[in-house]
Amino acid sequence: MTPITGYIIVVSLFSIVSILIFHFFPFSSYAYVILAIYIIGKLSEIKRNDFLSLCFKEKKLISIRITENLLCTFPFVFFLCVKGEFINAFILIVISIILALFKYKSTINFTIWTPFSSKPFEFPTGFRKNFLVILGIYLLAGIAIYVQNFNLSLFCLILVFLNSLSYYSMLENDFFVWIHNLNPSEFLIRKIKTALIYSTLLASPIILALTIFYLQNWTYILFCIAYGYTILTALIVTKYSSYPYPIPIQKSLVLGFACILVPPFLFILIPYHFGKAKSELNSLLK
Amino acid sequence: MISINKVTKTFGQKDVLKNINLQFELGKVYGIVGENGAGKTTLFRCIAGLENYEGAIIAHKPPLKNHLGLLLTEPFFFDKITGKEYIQLLCNARGIKEPNISKKNIFDLPLNQYASTYSTGMKKKLALTAILLQKNDYIILDEPFNGVDIHSNMIITEIIQQLKSLGKIIIISSHIFSTLNDNCDEIHLLKNGTIIKSAQKHQFHELELEMKNAIIGTKIALLELG
């Protein structure tokens with residue numbers, strides 16, 4: 001894959017996510033600014049800035065930090081301008097310049113409680129990294145039910161499963177596969193089982209609320225849960241079908257295409273990747 | 001028993017292990033010494049089955065990997081996983097139900113904190129606790145004393161002796177000769193992927209002197225410290 005393909009994918013993904021935020025979120029421009037600040041804020045991480053301050057003199061460092069913050073802010077500012085949100089775009093530029101002057105710990109080190117502790121590692125780590133996202137989804141689902149927007153509340157249910165997908169994006173060290181006294185099939189089935197049980201647990205507040213308020217639409221609710229299960233299973237088997245390497249871009253595109261546009265195709269992909277995953281894991285799980 | 005027969009490991013054009021032949025018997029502690037890059041970790045990874053190799057490694061309880069506890073030089077920890085969850089992960093992997101992890105926290109580790117925030121020594125002690133709770137028959141400890149405080153050092157030495165008395169096979173690598181001297185029944189010297197010398201307990205002093213002469217030689221004099 002050439003770098004230009006990567007740029008095109010990144011720009012396309014950014015545009016799609018931005019459009020989705022503006023389409024689905026109430027007060028979307030504010031949510032968009034907050035998201036931008038959150039991402040840019042990562043550049044103010046204390047360790048990173050300490051390293052930069054060792055490399056550059058103070059004046060040079062400030063100009064570098066302002067430049068990189070403005071560069072990272074640019075796509076957000078551009079999109080806000082396209083949407084006619086000039087004041088928010090201006091506020092975002094000012095905040096990104098101010099943020100460049102500070103350094104702070106962007107990660108929280110206190111232990112966040114998780115209901116997934118008994119089966120590490122994907123869900124406990126993923127939940128802790130994204131717990132604000134989960135809270136946001138729950139809040140949005142609450143608002144959707146309050147304003148009687150069934151489609152949005154259903155979308156929130158799918159969002160929970162999409163968020164769970166991110167827990168499986170990390171490629172673990174071969175040691176953490178090797179430690180299992182399972183054969184490849186048992187290993188994969190255990191991974192899938194845990195993912196389905198825990199994603200159901202994570203989605204249960206929304207499922208419960210939907211069942212209470214929209215019981216007449218139970219088929220849609222069931223369909224969304226089944227869709228969530230299928231995409232999770234598909235990602236897990238695809239991940240291990242390339243193990244110990246990350247999922248190649250072509251496979252990711254096929255998976256993304258199948259998940260978004262042709263979900264029935266996943267029923268061909270899953271058994272195919274399951275077989276591939278079994279042979280890839282064979283050397284570690286003899 | 002673990003029997004290593006004619007094991008050779010190659011990375012590209014480079015032979016990292018060359019025709020290794022070793023026998024490890026039950027209830028004994030073995031030391032593997034060698035300079036950085038001599039092939040110690042690769043040998044351990046081959047024994048564990050984490051690397052493909054030529055030759056054969058046979059254990060009396062097959063498959064070897066399901067009875068092996070492996071302490072890596074630098075154990076890997078996920079972000080946002082607590083010490084307790086790390087132990088849980090390793091126990092789950094072997095189907096071991098350990099209801100009271102906190103009670104077995106002999107190194108007094110802050111098990112509810114994220115393991116990634118631990119110091120080097122604490123990480124090592126956490127990884128060691130986890131493999132001990134797995135109740136393995138074979139244990140490989142790659143640099144177990146590295147970064148560990150003196151108190152824990154004593155505890156680890158005692159644990160090794162207890163494991164030995166339980167009839168387990170323990171293989172240790174260490175850059176601190178005295179720790180091997182205290183713990184091992186036999187030491188193998190690995191150089192450029194080959195076992196160049198094996199010493200029984202009564203030959204350890206001789207081996208140490210030999211290594212000192214070979215490694216230090218006249219190097220210190222080059223610094224002209226005086």
Query - Of residues in segment B:48-85 being more than 7 Å from chain A (Cβ to nearest Cβ), over 18 Å from B:ILE171 (Cβ atoms) and surrounded by 15 or more Cβ atoms within 10 Å (Cβ to Cβ), the one modelled with the lowest pLDDT - result: B:PHE77
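Taking the condition of being exposed (fewer than 15 other Cβ atoms within 10 Å of the Cβ) and either in contact with a helix residue (DSSP H, G or I) (Cβ under 8 Å, 6 or more places away or on another chain) or facing another protein chain (nearest Cβ under 9 Å) (or both), how many residues in segment A:183-199 meet it? Break it down into steps so the answer makes sense when it comes.
Initial filter on segment A:183-199 (exposed (fewer than 15 other Cβ atoms within 10 Å of the Cβ)): A:183, A:185-186, A:189, A:193, A:197.
Cutting the leftovers down to either in contact with a helix residue (DSSP H, G or I) (Cβ under 8 Å, 6 or more places away or on another chain) or facing another protein chain (nearest Cβ under 9 Å) (or both) gives us A:185.
Going through segment A:183-199 one residue at a time, the tally reaches 1.
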Requested in this report: Go through B:ASN112, B:ASN92 for me and flag whichever is modelled with pLDDT of 90 or more, within 13 Å of A:PHE176 (Cβ to Cβ) and facing another protein chain (nearest Cβ under 9 Å).
Outcome: B:ASN92
Query - Positions within segment B:37-67 being under 15 Å from B:HIS188 (Cα atoms), part of a loop (DSSP other than H, G, I, E, B) and hydrophobic (A, V, I, L, M, F, W, C), in sequence order - result: B:ALA38
Report task. Only residues in segment A:171-182 that are more than 7 Å from chain B (Cβ to nearest Cβ) and under 16 Å from B:ILE131 (Cα atoms) count as the first member; pair them with residues that are of a type outside the set (Gly, Ala, Ser) and part of a loop (DSSP other than H, G, I, E, B), Cβ under 6 angstrom, at least 6 apart or cross-chain, and list the lot. Result -> A:VAL177/A:LEU284
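A quick yes/no check of all residues on (1) among the basic types (Lys, Arg); (2) without any contact (Cβ under 8 Å) to a residue 60 or more places away in the chain:
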site: B:ASN5; (1), (2): no, yes
site: B:LEU17; (1), (2): no, no
site: B:VAL29; (1), (2): no, no
site: B:GLU35; (1), (2): no, no
site: B:ARG45; (1), (2): yes, yes
site: B:ALA48; (1), (2): no, no
Query raised in the report: Of the residues that make up segment A:260-267, is at least one away from chain B (no Cβ under 14 Å) and closer than 26 Å to A:THR2 by Cα?
Result: yes
Report summary line: The lone condition A:LEU70 fails out of (1) closer than 26 Å to A:LEU140 by Cα; (2) surrounded by 15 or more Cβ atoms within 10 Å (Cβ to Cβ); (3) not β-branched (Val, Ile, Thr) is (1)
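For segment A:1-114, give me every one of the helices (runs of 4 or more DSSP H) that falls completely inside it and has 2 or more residues that are closer than 30 Å to B:THR117 by Cβ and of a type in the set (Val, Ile, Thr). Reasoning before the result, please.
Numbers: elements: A:3-24, A:28-41, A:46-55, A:58-82, A:86-100.
Passing ranges, in order: A:28-41, A:86-100.
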Query raised in the report: Given the residues B:GLU206, B:GLU210, which is the only one that is among the charged types (D, E, K, R), closer than 25 Å to B:VAL7 by Cβ and part of a helix (DSSP H, G or I)?
Result: B:GLU210
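The values are calculated or read from the model by the stated rules, or taken from the named source; none is laboratory data. All figures in this text were calculated on a predicted structure; none of them were measured in a lab. Cβ sites come from the backbone with ideal geometry, for glycine too, and all protein chains shown count toward neighbours.
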